[in-house]
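As structure tokens, the structure follows; a few thoughts come after it.
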Amino acid sequence: MRQAIQCIGFCALMVAAFALPAHADTLPAGFVRLADIDPSIRQDIRYAGSDNFLHRKVNGYEAPACILTEQAAKALSGVQKAIAANGLTLVVFDCYRPARAVTDMGQWSREGGPPDPQWYPRVKRGDLIANGYVGELSSHSRGSTVDVAIARADSRSAPKPACGAVDADTLDFGTGFDCFDPISETAHRGLASEAAVNRKMLLDAMRNGGFKNYAREWWHFTQANEPFAKQRFDFPVTAR
């Protein structure tokens, strides 16, 4: 009887030990989930679903979660606190992007096809790489780049731009996220005054928080002193 009890106890411990990896967090050292740092920042992670320019889930996105380096996540939280005083909130569309997702986007682009009136209305699918809209490499894979906009904290109303993510809950930025068109350039001339003001507000807030903008995309920012500037990662995006 005593041996049976000891066996039961030992077996239970072994089962628990083998079960742990399924529940353990597998993020590399230096990475965190944004929700653990600042759950007040809204997340609208487009590549984990089908509402994006590929019209399908992107390889490597197993959950709609924002993962960043801890340094970038804390800096982004600082931006959130600064704009919250004006009744505003950040909305993130993409954060860390696995290298396999970048490869997936590149392969999809090279398959070719006509323009897409919602996402790339003036360029053919096969020309997205040559025109700089889809990259062979991405700063997102280093973990300190974020695609982000601003929304009103107390309102869910949103503009309906003709290009990009048309159903995002944001202020008016002249286009939606991932509009592959010259009008998405941060300093594009000819924007309506409200969109121009909102782009400048986002640019100023992110710069003050230590991020630099990619001039061809008003939503794209990388932390200036990112910790993994010469390293790319390929672990999947997971919720836990």
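The values are calculated or read from the model by the stated rules, or taken from the named source; none is laboratory data. Only a predicted model underlies this, so the values are computations on that prediction, with no experimental measurement involved. Here the Cβ positions follow ideal geometry from the backbone for every residue, glycine too, while neighbour counts run over all protein chains shown. Keep in mind that these areas ignore ligands, DNA and RNA; they rest on the heavy atoms of the full protein, side chains included. Shrake-Rupley method; radii C 1.70, N 1.55, O 1.52, S 1.80 Å.
Being in contact with a Gly (Cβ under 7 Å, 6 or more places away or on another chain) and buried (at least 18 other Cβ atoms within 10 Å of the Cβ) is the filter; apply it to the stretch 189-198 and report the residue that is farthest from A73 (Cα to Cα). Checked the stretch 189-198; the qualifying residue farthest from A73 (Cα to Cα) is L191.
A search for C-beta distances below 9 Å between a residue of the stretch 224-235 that is within 13 Å of F31 (Cβ to Cβ) and assigned to a loop (DSSP other than H, G, I, E, B) and any residue that is aromatic (F, W, Y) and open to solvent by less than 80 Å² (accessible area, probe 1.4 Å), counting only pairs 6+ apart in sequence or on different chains, returns F233/F31; F233/Y96; F235/F31; F235/Y96. If you go through the stretch 95-127 and pick out every residue that is surrounded by fewer than 19 Cβ atoms within 10 Å (Cβ to Cβ), among the charged types (D, E, K, R) and in a loop (DSSP other than H, G, I, E, B), you end up with 3. Identify all residues within the stretch 37-63 that are out of contact with any strand residue (DSSP E or B) (no Cβ under 7 Å at 6 or more places or on another chain), within 24 Å of I150 (Cβ to Cβ) and among the charged types (D, E, K, R); write none if there are none. Across the stretch 37-63, the qualifying residues are D38, D51.
For G164, the conditions (1) touching a residue at least 12 places away in the same chain (Cβ under 8 Å); (2) open to solvent by 30 Å² or more (accessible area, probe 1.4 Å); (3) under 28 Å from A101 (Cβ atoms); (4) assigned to a loop (DSSP other than H, G, I, E, B) all hold with the exception of (2). Being under 26 Å from L128 (Cα atoms) and surrounded by 19 or more Cβ atoms within 10 Å (Cβ to Cβ) is the filter here, so list the residues in the stretch 203-221 that pass it. Result: F211, E217, W218, W219, H220, F221. Within the stretch 79-92, one or more residues are closer than 22 Å to G135 by Cβ and modelled with pLDDT of 95 or more.
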